[in-house]
Amino acid sequence: MTNDLLKYVLRRADSELVLGHRMSEWCGHGPELEEDIALINISLDHLGQSRSLYQYAAAVDGEAKTEDHYAFQRNERDFGNFLICELPNGHYGNTIARSFFYDVHSLLFYERLVHSADKTLAAIAEKSLKEVKYHFRHSAEWVIRLGDGTEESHAKMQEAIDEIWTYTGELLTDDELDIEMNKQGIGVLNSSLKDAWYNKVEAVLNEATLKIPEGAYFQTGGKSGIHTEHLGYLLAEMQYLPRQHPEATW
Amino acid sequence: MTQLGQKESEIFELLKAVKDPEVPVLDITDLGVLRKVEVIDQEVLVTITPTYSGCPAMEMIEQEIVACLNQHGYPKVKVNLVLSPAWTTDWMSEEGKVKLKAYGIAPPEKATEDKSALFPEQKKVGCPQCNSKNTELVSQFGSTACKALYKCLDCQEPFDYFKCL
């Protein structure tokens, strides 16, 4: 029971941390000043959400671990984030498509997690939901602006949507842990978000004059620790300093 | 906020010395970040809530609460962080809003706007410099997580808006 809860909390924390780290790579490289600031603000929200979750994991774990242990001392196979979160930034359309699909999921997920029987998770969901609404609006507006923009921006946005689409399957399917946590009234079934997710995505893509991909093949593995080749490089950069200098403080 | 005993009220007053490091005209009672003060035996338990999950000011605020109370003869202080009920800009005091505007940041409007709708009607935000309502949103994300960027179309000044949450 404790083990299941720990794993469930860590998975969500990992998704927030990995996506937050990816977005932080844009710092100083945003296409315009306001966007640079927006991406880093959102990155900070993801990081903050991951911290709340890791702190809770440490409390559940009870082995005198701290939030930093989970972020910096675990290897790729221990991370349970959705694959979509670890995808490289690519061009701006890729970054926006990645956030857009994830934000729609987060919005629906936290809306339901607010009712969790686990009071801490419910509180984290309540807090996160307020922030995610701003994230969704940001990514959705950019999907529309780029999709319904110039010929070139339209083509690039469509290409990004098509490419990242294959990583959305995981957001909408359940594994044994999702089912068990839902049975206990703690977790949310991703499959229960499917219709709402699809409707929201469709509404935005229509507005953006973009086509909804028809592909039915989806990449999976993130939740069970089988990742793309990209995660290892991300962790190497993120974990290098605390692993090399475990006594370092700031 | 619960009814406070005399000692708790005194501590509450003392904590007005703790400012938001990002917006130093506001103290933690103006912001609504300070939720509860309890004195149990000789220990003071202070409950605070973050404005945003990733707010980098929280640690500094915690340290300053402890330092402030230590200085005033309370050696045992514990700061407790709660997430629920989630902080909202509606908790900002009226006094805080006045201070914010005088500082050049437009205070938050009532937080009822539905941000999950794609294009909800944008609130008209008043320019803190010239009071004109003829203003325009530049970006939902500003210099800190809690602020948005606006510009005034009359006096042409850009300004920060403490956005609704």
Being within 21 Å of A:GLU170 (Cβ to Cβ), in a helix (DSSP H, G or I), within 14 Å of chain B (Cβ to nearest Cβ) and touching a Leu at 6+ places or on another chain (Cβ under 8 Å), is that true of even one residue in region A:37-48?
yes
Does A:ILE124 satisfy being buried (at least 24 other Cβ atoms within 10 Å of the Cβ), in contact with a Phe, Trp or Tyr (Cβ under 6 Å, 6 or more places away or on another chain) and touching a residue at least 40 places away in the same chain (Cβ under 8 Å)?
no
Check every one of the helices (runs of 4 or more DSSP H) wholly within region A:157-250 and list those with 2 or more residues that are surrounded by 12 or more Cβ atoms within 10 Å (Cβ to Cβ) and of a type in the set (Phe, Trp, Tyr).
A:194-207
Could you please find all residues in region A:115-124 being more than 9 Å from every other protein chain (Cβ to nearest Cβ) and aliphatic (A, V, I, L, M)?
A:ALA117, A:LEU121
One residue is enough: does region B:18-30 have a residue meeting the conditions farther than 21 Å from A:ASP45 by Cβ, surrounded by 15 or more Cβ atoms within 10 Å (Cβ to Cβ) and of a type in the set (Lys, Arg)?
yes
Of the conditions (1) acidic (Asp, Glu); (2) in contact with a Lys or Arg (Cβ under 8 Å, 6 or more places away or on another chain); (3) crowded, with 20+ Cβ neighbours inside 10 Å, A:ASP45 satisfies every one except a single condition; which number is it?
(2)
Which of (1) out of contact with any strand residue (DSSP E or B) (no Cβ under 9 Å at 6 or more places or on another chain); (2) crowded, with 17+ Cβ neighbours inside 10 Å; (3) at pLDDT below 90 is the odd one out, the single condition B:LEU83 does not satisfy?
(3)
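The values are calculated or read from the model by the stated rules, or taken from the named source; none is laboratory data. Not measured: the values here are computed from a predicted model. Please note: Cβ atoms are built from the backbone with ideal geometry, for glycine as well, and neighbour counts cover all protein chains shown.
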